[in-house]
Amino acid sequence: MDAVVDAAFAQRSTLPVQVETQVPAGCVDTFADDLSRRAGRVRIATDAPTHVRVRVEAQPGGYRGEVELVEEAGTTRRALEGATCEEVIDGLAMVAALAVDPQADTSPRALDAGVDATADAERGLTPPPADAGIQAEPADAGAQAAPVDAGQSGGWSWAGGANAEMASVVPSPELGFGAFVEVLAHGPGLWTPAFRGRALLSLPANVMSAAGSGRFQWAMVTLDACPLHLRLGTFFSAAPCLGMDLGGILARGEGGTVASVEETRPWVALRTFGRLALHPLRWARIELEGGPVVPFVREEFVFQPSPTVFRSPALFLFAGLSLVAQFR
């Protein structure tokens, strides 16, 4: 009789859980196995009312993951970051296991292949049932974990995109448009440098005076370096950057002592700025940036013999928006 009561109690205490996971290429998906191992009362099922959704993405310096637990009482979310995909998956599994079972196992996961069924039994863990409907295939006991993609946990990758920038290179703040390419490093810690080269061309700006009219337009190539990247939660990052502008200002004047004259003058400047990025997808991000620009060359434009029409400022601010697609 006692055995029957114990079996019935165990059946009632079992919690069916439906699991959905999304992990990047090169990452071994062991979430369902990890959850079952940590929470003995969990039974993976395809039609369970309790729903666990997991998403893991690569980021500069490692990986970030989010677990969402949907129950009748409501929805809860937690996010974690780690140096490797395995760490993040196991951490998310621990968070989910504690949410559904306060007695869940919280011991560190053995990431090597030496853990067998006997060791699990000694720890009081139970393997997932054969009919559990696990969406991620369990790893073979004697198999090594697949290597993490080197382009995400270390090494270099490249990106490209388009951007718009507002700057006061000419008499009035004008909007410029351009495109860029970037190479960026991946690895643990803050030191994940990125180098970007871009070309920009502004819309023309017109200046009117009693002596005549002027039309100004700037074109430049900028070279930027952002040596550090700081993660701000799950989807945001920030970086301090330093850049160099090389280009020219095209000026066309009509009036004064000469009917019409057109000339291109050099533009060289140093910019220091901050960059804030939103990472909605593993391969895409949206960036806002801005900061001061200090010209090395300050040109002066006049209508002879009238006073100065425009002189490049000693310092001004710029702001920009970029759309970035990252490739391996």
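What follows is calculated from the coordinates using simple rules that are stated; it is not laboratory data. What you see is a predicted model; the values in this text were computed from it and never measured. Neighbour counts run over all protein chains shown; Cβ positions are idealised from the backbone, glycine included.
Label sites at D47 and V297, each approximated as a point 7 angstrom past Cα along Cα to Cβ, lie 7.5 nm apart. In this structure, A199 and A314 have a Cβ-Cβ separation that, at R0 = 30 Å, corresponds to a calculated FRET efficiency of about 0.75. The simple Förster model, with R0 at 30 Å and r as the Cβ-Cβ distance, assigns M208 and V181 a FRET efficiency of 0.20.
Here the spin labels are modelled as points 7 Å beyond Cα on the Cα-Cβ line, and at T272 and T76 they lie 4.5 nm apart.
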